[in-house]
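Enquirer: Have a look at the structure that comes next, please.
The values are calculated or read from the model by the stated rules, or taken from the named source; none is laboratory data. This one's a predicted model, so the numbers in the text were calculated from it and none came from an experiment. Every residue, glycine as well, gets a Cβ built from its backbone with ideal geometry; the counts of neighbours run over all protein chains shown.
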Amino acid sequence: MDLKTRLDTFPGVGPARVKALKRLGLETVGDLLSYYPRAYEDRTRIYSISNAPAEVPVCVSAMVADVPSLSRLRKGLNVTKCRIVDHTGSAQVTFFNQDYVRHALQPGENYIFYGRLEAMGRHRQFTNPVFEREDKTRFTGRIMPVYPLTAGVSNNLLAGLALPSVEECAAMVPEELPHHVRLSHGLCTAEYACRNVHFPADMEALTIAKRRLVFEELFFLSCGMSFLRRRRAGVEGRVFFRRETKEFLSLLPFTPTLAQTRAMEEIAADLSSGKPMNRLVQGDVGSGKTAVAAYAAFLAHAAGAQTAMMAPTEILAHQHFETLTKLLSPARIVVGLLTGSMKAAEKRSVCAALARGDIHLIVGTHALLSEGVEYQDLGLVITDEQHRFGVGQRSALSSKAKTPPHVLVMSATPIPRTLALLIYGDLDVTVIDQLPPGRTPVETYLVGEDKRQRMYNFVRKNVSEGRQVYMICPAVEEGETGDLKAVTAYAGELSGQVFPDLRVGLVHGRLKARDKEAVMAAFSAGELDILVSTTVVEVGVDVPNASLMIVENAERFGLSQLHQLRGRVGRGQWQSYCVLVTGNRSSETLERLRYFTGTTDGFKIAEKDLELRGPGDFFGQRQHGLPTLQAADLAGDTRVLKEAQDAAEELLKADPDLTEREHRGVMEKVKRLFAENGDIFN
């Protein structure tokens, strides 16, 4: 066995499991060894039945006293029960839908059971514990890894594949950190880290292993980021001279906040610096990022350059087009719109005007990247909701300019600063941390299924007052994901039974773009009372009249996503509400959702989301074009991040192009990590 050994050569790994493992990115032993556990179970202490603490996961050694009995409670649900005994007492063990247990547990044999032991008076009970024969234990008496899973892959399967892989191949894991870096930072070897991150000898060994892996990951990432920044530093950019802001401020129907003014000043300084601007403007929903983008376009126009602004959805592109036309037309700035669903003749007309220079600011979707879209003089590129665009798409738009354009990136997803510095390492970061005055915070409530009727009454009350309501579901069709509120069936139920007298609309990602636009436009125009939707409205229309956001199966959404959804309401002068509905009783889930109801601060929510879900899930899908982090937890590893960044800086100061023999491995590793961004090394 070696690092290239395929997992389908392991016993018990057939085609179905190969397919499921592939979904996790696992095809070889090497993939498996760099797939780290998300948590650990301490199974080192083994208790007797009566001495085991209740309601916490424990290992108990006991003998099966009788033949397990199987009974069917209803269709799709059966239960297997047996009694276990030791010298201190007995307990009942219950398994739901695990028929194989009947044959796996043999009366008279000793097993070690791991799970929560419930105390019911003098009776004790295990529900669905994992178990092993005492004379054939692999996963008890040790600290057990708990891996991120997918359908068709159990933790026992992954641990069963990882154990022989670690035993035989940990010594083959390449040592990619330079020796002097490892020694000066007191880091363990790659082999030690591999063995102890999967099957730790003890908790101290796990801490040592994790520190090495986190440092290594952040070190290589920091090296790559230095190349990105260096590539920028050597490039000359067009100079857009500063202008008096009075002329622009007179266009605004409001006085900008101090945070907006600060952002505008930073942009003006970038545009006049002689270097291409690469700036990320982060601000919570409603903090006024569009006005800041309009200011950048205003300065570009004054310098005789065109601006392209790319939005992730047609709805958002339309919204920006209308807002910017209203704002900038008094300054004789012509705003155009280009989206995929426009008729061919319309597209041709817009493209011709753009090439002639008759359009000064073009707003659009991915259509702006199409072949045949030419600019007379593109000088500024603005992308909205950057985490939905890869680095590649950002540069594809920039490549349509004759000289490197200025780039402004906007995001309403508050990103913790440490994460922003890594993910947008090639960008300067501006935070708009103030909301315009007069915005009333949205009141947020968490309710269970038992309050559904009361929630429906609240919907009716809001509509009777002339307001509109969003109702969000995570799934599209019934049966797609179990008992979730399926958006198509739910919309039918609401319009047919619950609110037959109200106007209910439906929108989801599988609708054709034109149909989706039509429903959203009807809701925006007040022609619908209720919009039932999937998360396509997350970055959707601005409907000031919508005052209630209801999120079904709220436990299925990340906190940052819930925050985006809540930002859809509270845009008018009325008090607005967000109601999270969940039937989930897990204490962890309820604690997470209660945290959300208690704060409207997007940055605090983002920090919490990062802490709970890790950076891999932070953006849903990995679309930012940079390496995903396997080991580092950016909420907790800020000290190691600083140490790794300093070490990378020190190394690159001594050997800027990593040409020394000892450092060539670092260069190779960084190239592999940044494969999607290969041009950073040229």
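Enquirer: Got at least one residue in the stretch 112-119 being surrounded by fewer than 18 Cβ atoms within 10 Å (Cβ to Cβ), within 17 Å of Val67 (Cβ to Cβ) and in contact with a strand residue (DSSP E or B) (Cβ under 8 Å, 6 or more places away or on another chain)?
Expert: Among the residues of the stretch 112-119, not one is surrounded by fewer than 18 Cβ atoms within 10 Å (Cβ to Cβ), within 17 Å of Val67 (Cβ to Cβ) and in contact with a strand residue (DSSP E or B) (Cβ under 8 Å, 6 or more places away or on another chain), which makes the answer no.
Enquirer: Let me ask something else about it. Within the bounds of the stretch 92-111, is there any residue that is within 18 Å of Arg45 (Cα to Cα) and either among the hydrophobic types (A, V, I, L, M, F, W, C) or within 42 Å of the chain's Cα centre (by Cα) (or both)?
Expert: yes
Enquirer: Is it the case, given these coordinates, that Glu266 is among the charged types (D, E, K, R), more than 35 Å from the chain's Cα centre (by Cα), in a helix (DSSP H, G or I) and modelled with pLDDT of 85 or more?
Expert: no
Enquirer: Oh, and also: Of the conditions (1) within 28 Å of the chain's Cα centre (by Cα); (2) surrounded by 24 or more Cβ atoms within 10 Å (Cβ to Cβ); (3) aliphatic (A, V, I, L, M); (4) closer than 30 Å to Ser370 by Cβ, Leu271 satisfies every one except a single condition; which number is it?
Expert: That leaves (1) as the condition not met.
Enquirer: Further question on the same structure: Name every residue in the stretch 144-158 that is buried (at least 20 other Cβ atoms within 10 Å of the Cβ) and out of contact with any helix residue (DSSP H, G or I) (no Cβ under 6 Å at 6 or more places or on another chain), in order of residue number.
Expert: Met144, Leu158, listed by residue number.
Enquirer: So, of the residues in the stretch 274-296 that are surrounded by 21 or more Cβ atoms within 10 Å (Cβ to Cβ) and of a type in the set (Ser, Thr, Tyr), which turns out to be farthest from Leu251 (Cα to Cα)?
Expert: Ser287
Enquirer: Among the residues of the stretch 162-195, which ones are under 20 Å from Lys669 (Cα atoms) and among the β-branched types (Val, Ile, Thr)?
Expert: Within the stretch 162-195, Val173, Val181, Thr189 meet the criteria.
Residue-wise test of (1) within 27 Å of Ser587 (Cα to Cα); (2) touching an Asp or Glu at 6+ places or on another chain (Cβ under 6 Å); (3) touching a residue at least 12 places away in the same chain (Cβ under 8 Å); (4) among the hydroxyl-bearing types (Ser, Thr, Tyr).
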residue: Met63; (1), (2), (3), (4): no, no, yes, no
residue: Lys81; (1), (2), (3), (4): yes, no, yes, no
residue: Asn97; (1), (2), (3), (4): yes, no, yes, no
residue: Arg122; (1), (2), (3), (4): yes, no, no, no
residue: Arg138; (1), (2), (3), (4): no, no, yes, no
residue: Pro145; (1), (2), (3), (4): yes, no, yes, no
residue: Ala151; (1), (2), (3), (4): yes, no, yes, no
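Enquirer: Yes or no: the stretch 274-290 includes at least one residue that is under 30 Å from Arg571 (Cβ atoms), in a helix (DSSP H, G or I), in contact with a His (Cβ under 8 Å, 6 or more places away or on another chain) and not acidic (Asp, Glu).
Expert: Taking every residue of the stretch 274-290 in turn, at least one turns out to be under 30 Å from Arg571 (Cβ atoms), in a helix (DSSP H, G or I), in contact with a His (Cβ under 8 Å, 6 or more places away or on another chain) and not acidic (Asp, Glu).
Enquirer: Identify, please: which residue in the stretch 56-70 is in contact with a Cys (Cβ under 8 Å, 6 or more places away or on another chain) and not hydroxyl-bearing (Ser, Thr, Tyr) and is, among those, nearest to Asn128 (Cα to Cα)?
Expert: For the stretch 56-70, the residue satisfying everything is Pro68.
Enquirer: Okay, next question. Which pairs have Cβ atoms under 6 Å, sit 6 or more apart or on different chains, and link a residue in the stretch 485-504 that is over 17 Å from Met520 (Cβ atoms) and free of Cβ contacts under 8 Å to residues at least 24 places away in the same chain to one that is surrounded by 16 or more Cβ atoms within 10 Å (Cβ to Cβ) and among the small types (Gly, Ala, Ser)?
Expert: That search, which allows pairs on different chains as well, returns Ala486/Ala475.
Enquirer: What number of residues in the stretch 1-56 are assigned to a loop (DSSP other than H, G, I, E, B), under 26 Å from Met203 (Cα atoms) and among the β-branched types (Val, Ile, Thr)?
Expert: 3
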